[in-house]
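The values are calculated or read from the model by the stated rules, or taken from the named source; none is laboratory data. All values derive from a computational prediction rather than experimental measurement. All Cβ positions, even for glycine, are placed from backbone atoms using ideal geometry, and neighbour counts span all protein chains on display. With ligands, DNA and RNA removed, areas are computed over all heavy atoms of the protein, side chains included. Shrake-Rupley method; radii C 1.70, N 1.55, O 1.52, S 1.80 Å.
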Amino acid sequence: MCGIVGYIGYEKAKEILLNGLEKLEYRGYDSAGIATRDDNDVTVTKAKGRIAELRKTSDNDIDGQVGIGHTRWATHGVPSYENSHPHQSTSERFTLVHNGVIENYEELRDTYIPEVTLVSDTDTEVIVQLVEYFANQGMNTEEAFTKVISLLHGSYALGLLDSEDNDTIYVAKNKSPLLVGIGDNFNVIASDALAMIQVTSEYKELKDQEIVLVQRDKVTIKDLAGNIVERDSYTAEIDASDAEKGVYDHYMLKEIHEQPAAMRRIIQAYQDEQGNLSMDSNIIEDVKKADRIYIIAAGTSYHAGLVGKEYLEKWAGVPTEVHVSSEFVYNMPLLSERPLFIYISQSGETADSRAVLVETTKLGHRSLTITNVAGSTLSREADHTLLLHAGPEIAVASTKAYTAQIAVLAILAQVVAEARGRETGVDLLPELAKVTAAIETIVDDAPKMEQIAKDFLETARNAFFIGRALDYHVSLEGALKLKEISYIQAEGFAGGELKHGTIALIEDGTPVIALATQSHVNLSIRGNVNEVVARGARPSIISMEGLEKEGDTYVIPHVHELLTPLVSVITLQLISYYAALHRDLDVDKPRNLAKSVTVE
Ligand code: M6R
């Protein structure tokens, strides 16, 4: 969702800000803007649409060495010039960028600034006007900013410029992500280390409701009472090339291709010196103590959780429920006596999942976050973290995070099974090696997936994905992938469920993609395919070696049946990619979507 960058140093800020914003494009946005301050003035440039528009609009002569920038994903007010950030106070003394949602902005507006004419529909403008209001009451900028922070309810990451001070960016956050990057003779702020990785890899985490003064040669962190807080920096383990597309046309394609490498990294990261699978013993203890696991996640991560449940129950022997976070938070089921909550989130920032974590922590329940982003909010706030080691995922459509999540859940279940002396019948390490090789085979077969996309989806208005058992979970993910990037209305169904209603939608030529990788349901899923074919559907069956039948569209290499989701999903990711590509759509940045969903 919204992204923030800021720079203070001795270089021209404009270019650094625009480059940083481009690196944040993947988070999703519909307008963007920057503000830079030179010796005399603050110049604000904003544009609806892409950063490229903002580049065209911004004056080449803008000279400031201090600046803030923002990509906005509309929450309060439509995407427009007026609603884009940065926002300014009436006198234009203060300029602000904001990521998040202020819940009490109307109340604050009515209490403190009823006379002020607001030019936008945003909650952000209220914040910057409040800073001016308190400054006009005689407070210095730090005091006014601190006062405003103490009044705000909701989520925010803020960067504030004062036109009377060329030496400071005022920064604070609550629930929304924001980091300070430490440079040599300069400092930066960014929603995500990736945005500024070209200029520095040293970062300081910020905690909620701290007041941070970012200056050229120092960063001062204070609590709300004004006490200085010492904080070490850390080195972000991101390669600058991770933020580039390299030889690929799209990040999504690059990330699909990166899955074998991600698998290898995971296998390595969760092995001990003897070559056995292993992880933090405190995590294993917490899983062993739990009488029930509750997996909480959204979207693709939820789909990975559905697969992970199978491992946790079958191998580790712990009853497991999987819940959509946005529902769970408002409709919590009766919990078991010793629950363990597992939060699955690529970004580690999903607000819906965080809202559940806040509640379950209040209730005193243990938590584990499985995420791709070290230091993310869900990682910091849970008792434990397991990292995905997938490398930054930039395309909005999640691909390598899904397979990494499933692999880490499988390893977790396996190490817990071993710790409990349970026999799983699966030698996971060699099986994951086979999975890796199978993924490579499918990635090499990308032209075949392109052909399937052309044959089955080129003119389709809708499509169905069906499967049984584990294949059902993968069909949900396949449908999500297709709909989010190709805008073809797609649904995933349990093969046996279609005839209870949905089969009424099958018409002549409706594409139905069926997964057949599970021996115990192979005959029944094929029976379901026959049912839809009898109603005019065009079927495409993706099966597995050993279970294939004549006429199957694609046969994946043989892997352990419980691990097929790691492999069969690659075919669906590629088919979706090519379906969107052939419709000439913006594959990496589909409409209306954000990579990191930081509002509930
Ligand atoms: O960062 P998270 O994994 O928590 O994000 C959850 C969903 O928003 C995400 O998985 C979304 O469904 C994918 N981008 C879809 O490809």
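Remarks
- 3J(HN,Hα) from dihedral phi, region 468-482, Karplus parametrisation 6.51/-1.76/1.60, rounded to Hz, x for glycine, proline: 10, 6, 4, 5, 5, 4, 5, 5, 4, 5, x, 5, 4, 4, 5
- Angle between the chain longest axis and helix 446-457 axis [Cα atoms, degrees, rounded to 10]: 90
- Separation between Cα centres of region 136-151 and region 1-67, rounded to whole Å: 26
- Whole-number accessible area per residue in Å² for the chain, which is evaluated in the context of all protein chains at 1.4 Å: 38
- Area of residue 213 that stays accessible when all protein chains are in place (1.4 Å probe, Å², to 10): 20
- Solvent-accessible surface ranking, highest first, for 586, 41 at 1.4 angstrom: 41, 586
- C-alpha long axis of helix 299-314 to longest principal axis of the chain, angle in °: 50
- Per-residue surface analysis assigns residue 581 an accessible area of about 60 Å², computed on protein heavy atoms at 1.4 Å probe radius.
- Amide H contacts under 5 Å for residue 31, placed H, 5+ residues apart: 49, 72
- Residue 56 exposes around 150 Å² of accessible area when a 1.4 Å probe is run over every protein chain in place.
- Karplus 3J(HN,Hα) series, Hz, for region 30-46 with 6.51 cos²θ - 1.76 cosθ + 1.60 (x for Gly, Pro): 10, 7, 8, x, 9, 9, 10, 10, 9, 4, 10, 8, 9, 10, 10, 10, 9
- Hull volume in cubic angstrom per residue (convex hull over the Cα atoms of region 245-426): 111
- The candidates 78, 559, arranged from most to least accessible area with a 1.4 Å probe in the full protein assembly, appear as 78, 559.
- 23 Å Cα-Cα threshold exceeded, pairs from 46/204; 12/218; 254/314; 175/400: 46/204; 254/314; 175/400
- Cα-based convex hull, region 66-164, per residue volume (Å³, whole number): 94
- Scalar couplings 3J(HN,Hα) for region 119-127, obtained by applying the Karplus form with A = 6.51, B = -1.76, C = 1.60 to θ = phi - 60°, are 9, 10, 9, 9, 5, 4, 4, 4, 4 Hz; x denotes Gly and Pro.
- Sequence ranges 152-165, 215-228, 414-427, ranked by mean other-Cβ count within 10 angstrom, highest first: 152-165, 414-427, 215-228
- With contacts taken as Cα pairs under 8 Å at a separation of at least 6 residues, the chain carries a relative contact order of 12 percent.
- All C-alpha pair distances within region 219-302, sorted into 10 Å bins from zero, spread as 11, 20, 29, 28, 11, 0 percent across the bins.
- Accessible surface ranking for 454, 589, 1.4 angstrom probe, highest first: 454, 589.
- Rg(Cα)/(2.2 N^0.38 Å) for region 443-587, N = residue count: 0.94
- The chain - percent of accessible surface contributed by carbon and sulfur, probe 1.4 Å: 45
- Near the amide H of residue 465, within less than 5 Å, lie the amide hydrogens of 491, 492, 493, 513, all on another chain or at least 5 residues away, with H placed in the peptide plane.
- Counted charge near residue 508, where neighbours are those whose Cβ lies closer than 9 Å (Asp, Glu -1; Lys, Arg +1): +1
- Residue-averaged 222 nm ellipticity for the chain, from DSSP H runs of 4+ at -39500 (n - 2.57), nearest 500: -11000 deg cm²/dmol
- Less than 5 angstrom separates the built amide H of residue 558 from those of 545, all sequence-distant by 5 or more or on a different chain.
- Computed over the chain, the ratio Rg/Rh where both radii use C-alpha atoms and Rh is Kirkwood: 1.00
- Euclidean distance between Cα centres, region 157-181 to region 483-513, Å: 48
- Among the GluC sites (Glu not before Pro) in region 513-588, those located in a DSSP loop and surrounded by at most 11 other Cβ atoms within 10 Å of their own Cβ are 550.
- Relative to the longest principal axis of the Cα atoms of the chain, the long axis of helix 400-419 makes an angle of roughly 70 degrees.
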